[in-house]
Amino acid sequence: MGVDAAAARHFIRANARLIEQRAFAVVFDDGGPGSVVSALSAFQNTDGGFGNGLEPDKRAPGSQPLDVEIAFEYLVMSGAHGHDLAM
C-alpha cells in the first residue's frame with residue numbers, strides 16, 4: 001500500500017503546528033532550512049535553550065534538555081548546520 005501524499009499534505013496543513021509544517025516542507029516540498037529556523041526561534045528562551053511547548057506533550061516555558069535535543073533534531077533534519085541557533 002502506497003502513501004497518499006496529497007492526504008498527508010492536507011493533514012499537515014490542517015492540523016500541524018507551524019514548525020511541523022515547515023519541517024514537512026523541507027523534507028517533501030523542497031522548502032528551505034531558514035523557514036524551520038525561523039519557526040524554531042519562537043521556542044527559544046533568553047538563556048539560549050528551548051521550551052515553550054516545543055515538545056508538544058509538555059508546555060513548560062523553561063529550557064529543558066529534551067527541548068534542546070528536539071531543536072537540534074529540527075536543525076539537522078532541515079539542513080541548517082552551523083546556524084546561530086545551534087551555536
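The values are calculated or read from the model by the stated rules, or taken from the named source; none is laboratory data. Predicted model, so just to flag it, every value in this text is computed and none were measured. Ideal geometry is used to build each Cβ from the backbone, glycine not excepted, and the neighbour counts take in all protein chains shown. Calculation scope for accessible area: heavy atoms of the full protein, side chains included, ligands and nucleic acids excluded. Shrake-Rupley method; radii C 1.70, N 1.55, O 1.52, S 1.80 Å.
What to note about this one:
- Residue of VAL76, VAL36, VAL68 that the Gaussian network model of the chain assigns the largest fluctuation, springs spanning Cα pairs under 10 Å: VAL76
- Solvent-accessible ranking of SER38, SER78, largest area first, probe 1.4 Å: SER38, SER78
- Exposed trypsin sites (Lys or Arg not before Pro) absent - longest run of the chain, DSSP non-H/G/I/E/B, at most 15 other C-beta within 10 Å: 18-57
- For the pair MET77 and ASP47, the difference between a 0.36 nm per residue extended length and the Cα-Cα distance amounts to 8.5 nm.
- The largest-to-smallest principal axis extents of the Cα set in the chain are 44, 28, 20 Å.
- Per residue, the chain exposes an accessible area of 62 Å² to a 1.4 Å probe, with every protein chain left in place.
- Helical mean residue ellipticity (222 nm; -39500 (n - 2.57) per DSSP H run of 4+; nearest 500) of the chain: -16000 deg cm²/dmol
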